[in-house]
Every structure is written in C-alpha cells, then in structure tokens.
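S.K.: One structure follows; several queries about it will come next.
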C-alpha cells in the first residue's frame with residue numbers, strides 16, 4: 001500500500017526538498033532519476049535550503065501538528081511562496097492531518113495536500129509524437145493521473161461499499177496498536193456480519209444483497225466517530241477499528257495501579273458497545289423496499305469485540321479473538337455483540 005506523488009513532466013528539471021527522518025523505504029524516489037532531491041533532517045536547515053533554492057515541491061514528514069509545526073510551515077511558505085508543500089504522515093494520523101491541511105494561519109494555507117506513508121515520487125511522462133489521436137500532452141497527463149487515482153483507490157477501498165478493504169484495515173490496525181503502546185491509546189476491534197445474509201441473497205438475488213451491504217456500510221460509518229475505520233473484509237463480514245485520538249484521552253494509563261488500569265481499560269469497550277447499539281438501532285429503522293412490506297426491521301447483525309492489549313497484542317490475535325466472540329454471539333441467538341469471554345457485556 002503506497003501513496004504516489006505525481007510530478008508533471010514540466011517540472012522534471014526542478015528540485016524537491018524532503019524534510020524529516022523518514023526512512024528511505026518510506027519515501028521512494030527511484031522513479032524520478034532526473035529529479036534532484038535534497039534532504040534536511042531538521043526545520044532550521046530546511047528553511048535555509050528553501051530560501052536559497054527553487055524547489056517545486058517541499059515534502060515534510062509530520063510528526064505532530066502543534067504550534068511548532070504551524071510556525072515552521074508558515075516560515076517555509078514565506079521564504080518560498082511558489083513551492084507546493086505536502087505533509088507526509090502515518091495512516092493513524094490522518095484524522096488530524098486532514099483538519100491541519102484544511103486550516104490556515106493568518107489567511108495563509110499551511111500545506112497544499114497530504115500523503116500517507118510510504119510514498120513514491122513518480123514522474124508523469126508522455127510521448128505525444130506517437131499518440132495516434134493527436135491528444136495534447138495536458139490531456140494525456142490528465143488521463144494518466146485519473147488511471148493512477150483509480151488504481152490507488154482500489155488498493156485501499158472495497159469496490160462495492162466504498163469503505164476500506166481488508167488490506168487497509170489490517171495495516172491500519174497494526175499501525176494504531178503500535179502507537180497505542182507508546183501513548184496508552186484505547187483500541188478495540190469489532191468484527192460483525194449480517195445475520196442470515198445468505199438467505200437474503202438466495203431469496204431476493206445478489207443485487208438486493210449488494211444493496212444491503214451498501215446500506216449497512218453507510219449506517220456504520222454514520223454511527224462511528226470520524227477517526228474510526230470501517231472496512232469490509234469479505235462477503236457480508238465487516239470490521240471496525242475504534243480508537244481514541246491522543247487529545248481525546250480522558251486519562252493516562254501510566255503509573256496506575258493494576259486494578260485502576262483494568263478499570264480504565266474497560267471504559268473504551270463500553271463506549272464502543274454504545275456505538276454498536278446505535279448502529280443496530282439505525283439498522284432496524286432502515287427501509288428496505290426490496291424485501292417487501294416487512295422490509296423495515298428485518299435486518300440484524302452479530303458481532304464480536306476484542307480490545308488491545310487485553311485480548312490480544314497483534315493483528316492476528318485481535319482478529320482471532322473478535323471472530324471467537326462473533327461465533328459466540330451467533331450461538332447465543334444472533335442479533336447481539338459480544339466482548340471476548342464476557343457475555344454479560346453484550347449489546348442487546
């Protein structure tokens with residue numbers, strides 16, 4: 001899974017400034033042999049370089065989004081107003097960086113766009129002389145960009161429902177659990193599917209089944225918070241990664257007693273269960289005309305919850321535990337969500 005920063009052929013003689021400590025494996029420049037890249041590990045050196053060189057792009061690895069970053073970007077923008085400024089960030093930081101890119105400081109936009117690491121710089125080139133339909137270079141470049149955007153979207157999104165796909169969810173879960181170890185973040189994985197979905201497909205046909213999956217995806221996204229990640233991982237099975245932003249933490253789990261840590265860690269599943277209940281409630285209200293007069297209220301879901309690190313410390317462990325809780329919910333009559341090994345905390 002790799003983001004792509006496209007460089008117009010008109011800029012092939014330009015320079016690009018990379019700021020930060022990103023590993024070479026995280027930033028790939030091998031596709032642009034004619035482009036001159038300059039690296040600066042810190043902001044002061046980057047400001048000096050930006051003031052004495054003509055960079056077409058300045059790409060900065062964003063480790064935080066505080067006042068220091070605002071000041072740095074404001075200074076870089078001032079010394080090189082014609083350069084495009086891109087932020088390179090981790091997947092789990094996307095909710096923050098979206099707001100950061102959209103904001104401005106004293107009327108000046110801090111950054112032009114952002115990309116999720118790892119990223120690859122690619123030089124878009126065309127051979128207009130061999131073009132049989134005599135299209136202009138600009139038109140060919142536009143078409144090439146669109147093709148790349150479609151391919152990149154397919155890598156991350158489920159084509160049917162528009163939510164993230166299995167590959168994205170697993171990678172995101174890996175990154176956010178790594179970060180959770182550093183910042184004591186709450187992370188919970190939900191795996192759920194639609195009860196008796198095969199019967200809907202067999203009775204009403206696959207187009208109706210597809211419509212049900214789309215509506216379920218939309219309703220779950222509406223029920224979740226902006227940072228939570230919703231994905232379809234196969235068939236009628238979905239996964240949701242719930243996590244709290246560092247700035248949203250009401251408590252720190254550091255230096256707490258074992259009993260107090262256990263109590264605090266249990267708070268996040270309670271919040272998640274409330275979200276699950278809201279989703280199940282909305283699902284009951286949804287009109288499904290294709291299912292006939294009794295369409296409303298006929299859909300239910302069963303799900304299993306696993307919390308990091310209590311129920312698992314790796315992606316595979318969390319998925320295995322959530323799957324086991326889902327199976328237990330099915331055995332117990334469906335239309336419910338279970339925490340791992342704790343039937344008393346089901347969302348009925």
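S.K.: Residue by residue through region 78-98, note down the ones that are assigned to a helix (DSSP H, G or I) and farther than 15 Å from residue 49 by Cα.
M.R.: 91, 92, 93, 94, 95, 96, 97, 98
S.K.: Which of the strands (runs of 3 or more DSSP E) contained wholly in region 286-348 include at least 2 residues that are assigned by TED's automatic domain parsing to the domain that holds residue 189 and at pLDDT 90 or above?
M.R.: Ranges flagged: 301-308.
S.K.: Let me ask something else about it. Among the candidates 64, 45, which residue alone is surrounded by fewer than 17 Cβ atoms within 10 Å (Cβ to Cβ), modelled with pLDDT under 85 and at negative phi?
M.R.: 64
S.K.: Among (1) more than 22 Å from residue 172 (Cα to Cα); (2) modelled with pLDDT under 90; (3) surrounded by fewer than 20 Cβ atoms within 10 Å (Cβ to Cβ), there is one condition residue 52 misses while meeting the rest; what is its number?
M.R.: All conditions pass for residue 52, except number (2).
S.K.: A further question follows. Kindly evaluate residue 63 against the criterion of being without any contact (Cβ under 8 Å) to a residue 24 or more places away in the chain and part of a loop (DSSP other than H, G, I, E, B).
M.R.: No: the conditions fail for residue 63.
S.K.: Has region 144-164 got any residue that is in a helix (DSSP H, G or I), in contact with a strand residue (DSSP E or B) (Cβ under 8 Å, 6 or more places away or on another chain) and either under 19 Å from residue 272 (Cα atoms) or modelled with pLDDT of 95 or more (or both)?
M.R.: no
S.K.: Can you pull out the residues in region 40-60 that are over 24 Å from the mean Cα position of the chain (by Cα) and touching a residue at least 40 places away in the same chain (Cβ under 8 Å)?
M.R.: The answer is 54, 55, 56, 57.
S.K.: Kindly provide the set of residues from region 99-136 that are modelled with pLDDT of 85 or more, under 23 Å from residue 241 (Cα atoms) and either more than 22 Å from the chain's Cα centre (by Cα) or not in a loop (DSSP other than H, G, I, E, B) (or both), ordered by number.
M.R.: Residues satisfying the conditions are 114, 115, 116.
S.K.: Quick check on region 80-88. Is at least one of its residues within 28 Å of the chain's Cα centre (by Cα), surrounded by fewer than 18 Cβ atoms within 10 Å (Cβ to Cβ) and closer than 30 Å to residue 242 by Cα?
M.R.: No.
S.K.: Do we have residue 75 as touching a residue at least 24 places away in the same chain (Cβ under 8 Å), assigned to a helix (DSSP H, G or I) and in contact with a helix residue (DSSP H, G or I) (Cβ under 9 Å, 6 or more places away or on another chain) here?
M.R.: yes
S.K.: Determine whether region 230-242 contains at least one residue that is modelled with pLDDT of 90 or more and surrounded by fewer than 16 Cβ atoms within 10 Å (Cβ to Cβ).
M.R.: yes
The values are calculated or read from the model by the stated rules, or taken from the named source; none is laboratory data. The structure presented is a predicted model; accordingly, all values stated were derived computationally and were not measured. Quick reminder, even Gly has a Cβ in these numbers, built from the backbone with ideal geometry, and neighbours come from all protein chains shown.
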